[in-house]
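First comes the structure, then the notes that go with it.
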Amino acid sequence: MHLAHYLGLLHRAQLNLADAFRQVAAAHGDEPDLEHLCEQQARVCDRHAERLEPFARRYSEQVPDEPDRLHSELFRGTRTGGLGLLRDLQDLYLMAAECDICWAIVGQAANGARDRDLLEVVTRCETETAVQLKWLRTRMRQAAPQALVVAR
Amino acid sequence: MVDRVADPWGARTPYRQGGCWPDRVDVQLADGLSPRDVDRWVQSASVLHSNGDAMDIAVKDGRIAGVRGRAVDRVNHGRLDPKDLYGWQANNSPDRLTRPLVREHGRLVPTDWDTAMGRIVQRSKQLLDDPGGWGRFGFYTSGQLFLEEYYALAVIGKAGLGTPHMDGNTRLCTATAAAALKASFGTDGQPGSYTDVDHCDAIALWGHNVAETQTVLWTRMLDRRHGAEPPAMLAVDPRTTPVAREADLHLAVRAGTNLALLNGLLREIIRRGWYDERYVAAHTVGFDDLAAVVDAYPPDRVAAVCDVPAGDIERAAELLGTSRRLLSTVLQGFYQSNQATAAACQVNNLHLLRGMIGRRGAGLYQMNGQPTAQNTRETGADGDLPGLRNWDNPAHIRELARLWNVDEMTIPHWAPPTHAMQIWRYAEQGSIELLWISATNPAVSLPDLARVRRILGRDELFVVVQDLFLTETAELADVVLPSATWGEKLGTFTNADRTVHLSEKAVDPPGAARADLDIFLDYARRMDFRDRDGGPLIEWTGPQEVFEAWKRCSAGRPCDYTGITYERLRGGSGIQWPCTDDAPDGTERLYTDGVFNTDPDYCETYGHDLSTGAEFTADEYRAREPAGRAFLHAAGYQPSPEVPGEEYPMLLTTGRSVYHFHTRTKTGRTPELAAAAPEPWVELNPADADRLGIADGDPVQVSSPRGTIRVPARVGGIRPGVVFVPFHYGYFDIDPGKRTPRAANELTATAWDPVSKQPIFKVTAVRVAPLEPGE
């Protein structure tokens, strides 16, 4: 049973994303919508991690050691300026995408494990991750022409 | 005669449910002038609030000399707001701008039109020369111009320059109304009619101090309350407004908690079976989700969040749930507050759940704050496309491209048109290099004024201001263009219940001042915008031609004007759109058949997630299969971006006074109105005043993380923990050397609703302290 690895991966990914949202909020405080919404989404990620934790603990008793190269690192700090903002949002998007696919995989495993409780958590949280992706995409689409074509 | 400053609503003319509101013709003429002396009466309507009260302008010796309400009009039956009775005097104010001004060596100096327009055109062409030139233009217009002016501006921006950066100050006043209407019903467009006041048996006022914002509408409500079978009344407002005092039930909620309240009320309505199951099943989408979300808001929880008694929440639900003809009206207490769109949508939900829409008395007003805000939205001079079209629908863009004969690529549609707050952000960052401001005064009306002044003062930003007076904003401009105003130009405009009025030219503008339309058309000519065949893009020379062009643009859309002509608007009452061959007298109510504008090919938006503003795609929208049904949206309550803490323990809310409009550009120059409310104040609850050692009239200091103002205290009229400062006051009437901070927006934060992008003016954390004498 290797589910625990993915639960751990997802748990870590949610914490990393929460942290990245907070860093972007702090770095781009001049973009008033971003500061507030990034803080808000960081709290969503915190909640996801909390909900995952009991499952991570439960399944971790049944596994061998974690394999190498499981965790990926996408975010290496914030940037400045319009272009920097776009790149930071893109990093957040990729991190949220990682969470998104992890939810899908963990959801499948929850089905296999006949774990209704875990499935319920996945169903609830993956919708919120989908909203994060959608919001980041919306915001980047809006910002891209001005940052890439207009700004000198 | 009644002193309408002392009594803003005038004498009662009571009437019963289903009756006809009696006429009452209000007249005000210049001192010593009798109606016999008037040379001419010229038809118009009000531009000093959003009600759309029809009036005639009195002309004596080539000057405006008074006003008279039009008894024939469906909106006001002859009545006028005190601002209209006196405000016309501002037209004759001696400090009107009469010549263009340009900045020379740091100072604004008078010049001629050729020089002023030449500078704008030269700068424009320079900016267009580089790739992405379209993105260096920003237009910030108003809710106070005429329809024809907005449409001309929209075509200049969207088909001439091809910039998405165009919005109005309507973003501050009515963006949430539009967003909520689109979200629930598919497109913008007020479902109700003012005549719903005549038929309703309950009126709910959601953050709407109608007694001060639209006095004539309030008069209609008061007349019902004084007649037989009066409607019940519910007020939701942190302040004890005249509306709250009149209401049978007043919920003085903590600022920023509207959504929690509405979720709680809808929970009661659903649990107690006060909703119309058949209507919901046949005409809505999303009931199960809504029921699940609101179920988490029992009265005790809502009472704790909103700080109102749980019993009052249950009573309010009963008032709403047992009424048979419910009228709701929503305004800035919701629109400028936390979770604005979500809360406004919940009022839509209330009416959908109860099947209270599209029939007499069962009305819903998502109100406007300004007289012509509806036109800003319809024509696309704000963050919308003309004719309430969907920027994300390629077929809608093709229609516009055909109409204007331009390449589809010219029309910005890769993202929603840029909202005002983002336009200002681009100007701050420097990617917008020319900002053209018409008929509004952001240096007083936007949040965080220190920041706004900083942006306007940037050397790299070329600022054009088009106005009647040297406003606080104009003082910072590079070019100032003197405009004609109401009574000095011809055009149409549309009020909050879709009534279109004609406003005739009564007198010539002062000096070299020009109609805003003429200024825009002059710019278009000088810029020589071309269509895709090389012909001139804009050939209009006057308002009637633009109106006819607009009719073609509006054809087949919800705001269809094709049945309206200037001639038809002359003499009689205003006409409600849509007005077509099928509905030649206009349309009193929308959605009478329960079929909404949600068809994917027709709708104005594919929708948003209410908590983040994330956009849904066409495919996602189609998957919900709305098929003419309305959307029941739901969202959980979340605290506002700014909440009280140790350093700033109280909440500031801002709003209007009955005597003033916008930034007092006109009302501050009207002797009676200026004297009625000459300076700003801060309203405090007696318990808070006591604790802080503040007595009525004491000078106090109100501070937020953005700034500090000094104003006298008024004790009373507001719930504990919340203070109120009127937002009208700036600095134009104070000698520059003697100005001390007093504008409410020195304090407010740059934050906005994720969907409507309307700034959150009504939830600012502040600290209040007494000022020592001499401080």
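Let me check against my output: what whole-number percent is the relative contact order of chain A, with C-alpha pairs under 8 Å and at least 6 apart? Mind showing how you got there, number by number?
Details: 145 pairs, mean separation 42.2, N = 152.
Computed value for chain A: 28 percent relative contact order.
Within the shell defined by Cβ-Cβ distances under 14 Å, the residues around residue B:566 carry a net charge of 0, with Lys and Arg each +1 and Asp and Glu each -1.
If packing is taken as the average count of other Cβ atoms within 10 Å, what order do B:271-277, B:147-153 fall into, highest mean first? Numbers along the way, then the final one.
Values: B:271-277: 14.3, B:147-153: 29.9.
So the peptides B:271-277, B:147-153, ranked by packing, come out B:147-153, B:271-277.
Positive-end ranking of B:495, B:335, B:686 along the dipole of chain B, with charges on Cβ about the Cα centre, is headed by B:686. Rolled with a 1.4 Å probe across the full set of protein chains, the surface gives residue B:698 an accessible area near 50 Å².
Per-residue surface analysis assigns residue A:53 an accessible area of about 80 Å², computed on protein heavy atoms at 1.4 Å probe radius.
The eigenvalues of the Cα gyration tensor, multiplied by 5 and square-rooted, give segment B:467-527 an equivalent ellipsoid with semi-axes of 23, 15, 14 Å from largest to smallest. Comparing segment B:650-770 with the 2.2 N^0.38 Å rule of thumb, its C-alpha radius of gyration ratio is 1.06 (two decimals). Bin all alpha-carbon pair distances of chain B at 10 Å intervals from 0 and give each bin's fraction as a whole percent. Taking every Cα pair in chain B, the percentages come to 3, 15, 26, 28, 20, 8, 1, 0. At R0 = 60 Å, how high is the FRET efficiency between residue A:148 and residue B:37 if r is their beta carbon distance? Nearest 0.05 is fine. My answer for the efficiency is 0.40. Scalar couplings 3J(HN,Hα) for segment B:8-13, obtained by applying the Karplus form with A = 6.51, B = -1.76, C = 1.60 to θ = phi - 60°, are x, 9, x, 6, 6, 10 Hz; x denotes Gly and Pro. Between the residues B:673, B:755, B:711, the greatest Cα displacement towards the positive end of the dipole of segment B:650-770, with unit charges on the Cβ of Lys, Arg, Asp and Glu, is found for B:755. Placing a pseudo-label 7 Å from each Cα along the Cα-to-Cβ vector at residue A:39 and residue B:512 gives an inter-label distance of 5.0 nm. Once the Cβ-Cβ distance of residue B:359 and residue B:105 is raised to the sixth power relative to R0 = 51 Å, the FRET efficiency obtained is 0.20.
Measuring r between the beta carbons of residue B:532 and residue A:76 and using R0 = 56 Å, the FRET efficiency lands at 0.75. Take the Cα radius of gyration of segment B:683-738 and divide it by 2.2 N^0.38 Å, N being the number of residues; the result is 1.25. Suppose the Debye formula is applied to equal point scatterers at every Cα of segment B:54-93; what is log10 I(q)/I(0) at q = 0.17, 0.28 Å⁻¹? Cα-only, vacuum Debye calculation for segment B:54-93: -0.44, -0.92.
Assuming charge only on the beta carbon of Lys and Arg (+1) and of Asp and Glu (-1), the dipole of segment B:27-92 about its Cα centre is about 100 debye to the nearest 20.
Straight-line reach from residue B:666: which lysines have a Cα under 25 Å away, not including same-chain ones fewer than 8 places off? Of all the lysines, those that pass the test against residue B:666 - Cα under 25 Å, at least 8 places apart if same chain - are B:60, B:83, B:489, B:505, B:738, B:762.
Placing dummy labels 7 Å off each Cα toward the beta-carbon, the span from residue B:458 to residue B:318 is 5.7 nm. For chain B, the relative contact order works out to 19 percent when only alpha carbon pairs closer than 8 Å and six or more residues apart are counted. Per-residue Karplus couplings for segment B:174-189, computed as 6.51 cos²θ - 1.76 cosθ + 1.60 with θ equal to phi - 60°, are listed in order as 9, 4, 6, 4, 4, 4, 6, 5, 4, 5, 7, 10, x, 9, 4, x Hz, Gly and Pro entered as x. About the centre of its Cα atoms, chain A shows a dipole size close to 400 debye [charges on the beta carbon of Lys, Arg (+1) and Asp, Glu (-1) only; nearest 20 debye].
For residue B:101, the accessible surface of its heavy atoms amounts to roughly 20 Å² (probe 1.4 Å, protein chains only, rounded to the nearest 10).
Taking the DSSP beta bridges with both ends in chain B, the antiparallel portion is around 50 percent.
Cα-based values for the protein assembly as shown, radius of gyration first and Dmax second, are 27.4, 100 Å.
Per residue, chain A exposes 50 Å² of solvent-accessible protein surface, assessed with a 1.4 angstrom probe and all protein chains in place. Label separation (residue B:278 vs residue A:113): 5.1 nm, computed from points 7 Å beyond Cα along the C-beta direction. Computed from phi, the 3J(HN,Hα) profile of segment B:198-207 under the Karplus parametrisation 6.51, -1.76, 1.60 (θ = phi - 60°) reads 5, 10, 6, 10, 8, 10, 10, 10, 9, x Hz, with x in place of Gly and Pro. Residues whose amide H falls under 5 Å from that of residue B:367, counting only those 5 or more places apart or on a different chain, are B:330, with hydrogens built in the peptide plane.
Only lysines eight or more places from residue B:757 in sequence, or on another chain, were considered; those with a Cα closer than 26 Å are A:134, B:158, B:182. Relative to the current alpha-carbon distance between residue B:398 and residue B:288, full extension at 0.36 nm per residue lengthens the span by 35.9 nm.
These residues, A:93, B:279, B:729, go from largest to smallest accessible area, 1.4 Å probe, as A:93, B:279, B:729.
Sorting B:179-190, A:38-49 by average packing, meaning the other beta carbons within 10 Å per residue, from highest down gives B:179-190, A:38-49.
Taking a ≥ b ≥ c as the square roots of the eigenvalues of the Cα gyration tensor, segment B:27-92 is prolate, since a/c reaches 1.5 or more and a/b is larger than b/c. Could you tell me which of rounded, prolate or oblate describes segment B:284-335, using a ≥ b ≥ c as the square roots of the eigenvalues of the alpha-carbon gyration tensor, with rounded for a/c under 1.5 and, failing that, prolate when a/b is larger than b/c and oblate otherwise? Verdict is rounded for segment B:284-335.
Dipole check for chain B: with +1 at the C-beta of Lys and Arg, -1 at the C-beta of Asp and Glu, and the Cα centre as origin, the magnitude is about 660 Debye.
Normalised by 2.2 N^0.38 Å, with N the number of residues, the alpha-carbon radius of gyration of segment B:35-149 equals 1.51.
The values are calculated or read from the model by the stated rules, or taken from the named source; none is laboratory data. Keep in mind it's a predicted model, so treat the numbers as computed, not measured. Backbone-built Cβ (ideal geometry, glycine too); neighbour counts: all protein chains shown. These area figures cover heavy atoms from the full protein model, side chains too; ligands, DNA and RNA do not enter into them. Shrake-Rupley method; radii C 1.70, N 1.55, O 1.52, S 1.80 Å.
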